Amino acid sequence: MRKSGLPFGVYNVLLCVLVVCAVVLLCLCAEEAEQRYYLKWDVSDDRITALSDYTLSHLAALEGDVVIYPVYTPGTSGSLRDLQSETLMRMASVCDHVTVETIDPDTQPQRLLSLAGESEGIPDGTVLIHSLETGRTVRLDPDDFLFSRRLDDEIYTIYCGEALLIGAIDSATAPHPATAWFVTGHGEAAQEDCAQWTLQLQAMGFGVSGGALGIIRPGAEDVLMLLDPRSDLTRNEAEQLIAFLDGGGKLIIACGADTPLDRLPELNAVLDLYGLGYQAGWVVESRDAADRYVDRPELLSPALASASVMEALPGRLILPRSCAVAAPSLRPGVTAETLLVTSPGAVLKRNTDGDAYTFDDGDVSGTMPLAVLASSGEMRILQLASANMLRDDQALKGTTVLDASENLTFTAACLKAMTGGDIDLTLAAGVKQLPAQLITFDSQQTRQRVSVLLLTVLPGSILLVMVAVLLRRRRL
């Protein structure tokens with residue numbers, strides 16, 4: 001007697017379809033759960049909002065009370081709010097001097113007015129850090145908390161809230177807060193060209209701004225940054241710069257092989273007052289001494305020549321298109337210390353447009369300074385021989401020079417030495433490194449492609465395998 005019902009093979013096919021549907025449903029649920037609960041599921045020691053040792057030490061040293069006000073309308077949600085809330089909760093839990101109070105912009109406009117100077121147009125995600133001791137308030141905008149960069153033709157976003165928050169706390173509580181000024185007006189590299197360096201400055205507690213000499217009014221505790229000027233200072237600007245330095249000011253100046261030094265007589269005259277200067281040209285290492293990791297003659301990888309700033313670096317420095325710092329000459333009351341040097345086989349090429357390893361008459365060979373720190377009383381001048389070492393757009397093997405180097409660590413340590421601060425720091429001050437931390441696709445099209453791959457290719461592959469196994473069993 002023949003049994004009624006569907007053939008056994010049909011049951012197997014239906015079972016395969018059921019399994020595929022279950023896998024698709026599981027993928028959808030997992031994606032949704034990751035978006036909603038990734039902070040709660042991340043229990044590793046290096047989770048996104050885990051506080052760094054740098055932050056913990058600064059919170060432990062905090063003496064005055066600080067109130068942090070995140071601005072959010074009730075009922076709003078999102079990954080940024082989750083990240084901010086988690087970070088602030090952690091800071092408040094480890095430091096009794098930190099209190100967190102959320103401000104509703106709709107019902108507390110007067111509170112916003114007293115803290116931010118305005119009560120309308122302040123977006124959700126804004127954070128105000130107020131020191132009860134100094135009465136000073138530092139404002140962080142929502143866009144400040146997410147730092148985007150392009151790697152391998154994808155745009156990734158890094159959460160850097162911890163670095164900004166601890167820097168803002170330091171700035172709000174400092175007796176004399178310092179500002180790092182990008183000097184503009186002469187074609188220099190501006191704040192927009194040095195986003196990672198700007199982020200590092202903010203994490204160190206510096207306010208960051210820019211403007212032309214003659215317009216800005218920097219204090220003695222501030223730092224001026226003159227990065228790759230393309231035209232000369234005016235006489236009035238030169239006199240203002242001299243007055244600033246003689247009053248105990250700090251200056252970071254960076255020039256390179258492409259800086260038109262012969263067209264900067266006023267700037268050269270200012271440096272000469274303190275026994276400093278540049279040698280025009282293009283510094284190239286010999287083939288034997290060239291860094292084989294970089295393996296490009298326009299990128300130097302010098303060694304530390306002094307341990308006064310830092311004893312060692314965890315990685316390498318990379319200086320693109322360098323010129324050379326002139327050997328400092330003695331001036332009464334001015335001391336100068338060489339921080340970075342080339343190997344003895346380096347060559348200063350006068351022809352900056354030629355081939356890197358084709359040397360001409362007049363080229364000079366030998367050990368050349370690449371960074372010098374000059375001091376006189378409270379005055380400090382840091383000379384760097386690469387104008388591009390702090391730019392975000394300097395490419396190197398699919399990434400950037402800043403991503404592949406310790407340039408930020410070195411320059412930050414120099415800045416701390418110039419301002420008399422703690423030099424035991426790195427970007428571990430809360431700026432989480434790729435790719436171990438939160439990464440979001442900036443392109444919705446890219447996100448859709450990834451979702452399609454997860455929801456079709458993987459289940460489809462499983463279905464094909466199961467059908468193949470079923471057919472093979474029927475033949476047997």
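The values are calculated or read from the model by the stated rules, or taken from the named source; none is laboratory data. In this text the structure is predicted, and so the values were computed from the model without any measurement. Virtual Cβ from ideal backbone geometry, glycine too; neighbours counted across all protein chains shown. Ligands, DNA and RNA are stripped out before the accessible areas are found, and what is left, the full protein with its side chains, is counted by its heavy atoms. Shrake-Rupley method; radii C 1.70, N 1.55, O 1.52, S 1.80 Å.
Can you say whether C194 is under 24 Å from N407 (Cα atoms) and either open to solvent by 10 Å² or more (accessible area, probe 1.4 Å) or more than 19 Å from the chain's Cα centre (by Cα) (or both), as far as the supplied structure shows?
no
Just checking, how many residues over segment 399-441 are open to solvent by less than 40 Å² (accessible area, probe 1.4 Å) and at pLDDT below 50?
Total meeting the criteria: 8.
Within the bounds of segment 5-15, is there any residue that is out of contact with any Lys or Arg (no Cβ under 7 Å at 6 or more places or on another chain) and at pLDDT 70 or above?
no
Is one or more of the residues making up segment 229-243 aliphatic (A, V, I, L, M), in contact (Cβ under 8 Å) with a residue 60 or more places away in the chain and open to solvent by less than 50 Å² (accessible area, probe 1.4 Å)?
no
Which residues, taken from segment 98-137, are without any contact (Cβ under 8 Å) to a residue 24 or more places away in the chain, of a type in the set (S, T, N, Q) and outside any loop (DSSP other than H, G, I, E, B)?
Q110, S114 - these are the residues of segment 98-137 that are without any contact (Cβ under 8 Å) to a residue 24 or more places away in the chain, of a type in the set (S, T, N, Q) and outside any loop (DSSP other than H, G, I, E, B).
Among the residues that make up segment 103-118, is at least one of them under 20 Å from A163 (Cα atoms) and either out of contact with any His (no Cβ under 9 Å at 6 or more places or on another chain) or at pLDDT below 90 (or both)?
Checked against the condition, which is being under 20 Å from A163 (Cα atoms) and either out of contact with any His (no Cβ under 9 Å at 6 or more places or on another chain) or at pLDDT below 90 (or both), segment 103-118 yields no hits at all.
Name the residues in segment 384-398 that are out of contact with any Pro (no Cβ under 9 Å at 6 or more places or on another chain), in contact (Cβ under 8 Å) with a residue 40 or more places away in the chain, surrounded by fewer than 24 Cβ atoms within 10 Å (Cβ to Cβ) and of a type outside the set (G, A, S), would you?
D392, D393
Search segment 58-83 for residues being of a type in the set (G, A, S) and open to solvent by less than 50 Å² (accessible area, probe 1.4 Å), and hand back the single one that is nearest to the chain's Cα centre (by Cα).
Among those residues, the one meeting the criterion is G78.
Tally time: how many residues in segment 247-288 are surrounded by fewer than 17 Cβ atoms within 10 Å (Cβ to Cβ) and among the β-branched types (V, I, T)?
Residues flagged as surrounded by fewer than 17 Cβ atoms within 10 Å (Cβ to Cβ) and among the β-branched types (V, I, T) within segment 247-288 amount to 0.
Could you list, in sequence order, all residues of segment 372-383 that are open to solvent by less than 10 Å² (accessible area, probe 1.4 Å) and under 15 Å from S306 (Cα atoms)?
Scanning segment 372-383 gives V372, A374, L382, Q383.
Take the conditions modelled with pLDDT of 65 or more and assigned to a loop (DSSP other than H, G, I, E, B) and apply them to L83. Does it pass?
Considered against the rule, which asks whether it is modelled with pLDDT of 65 or more and assigned to a loop (DSSP other than H, G, I, E, B), L83 comes out as no.
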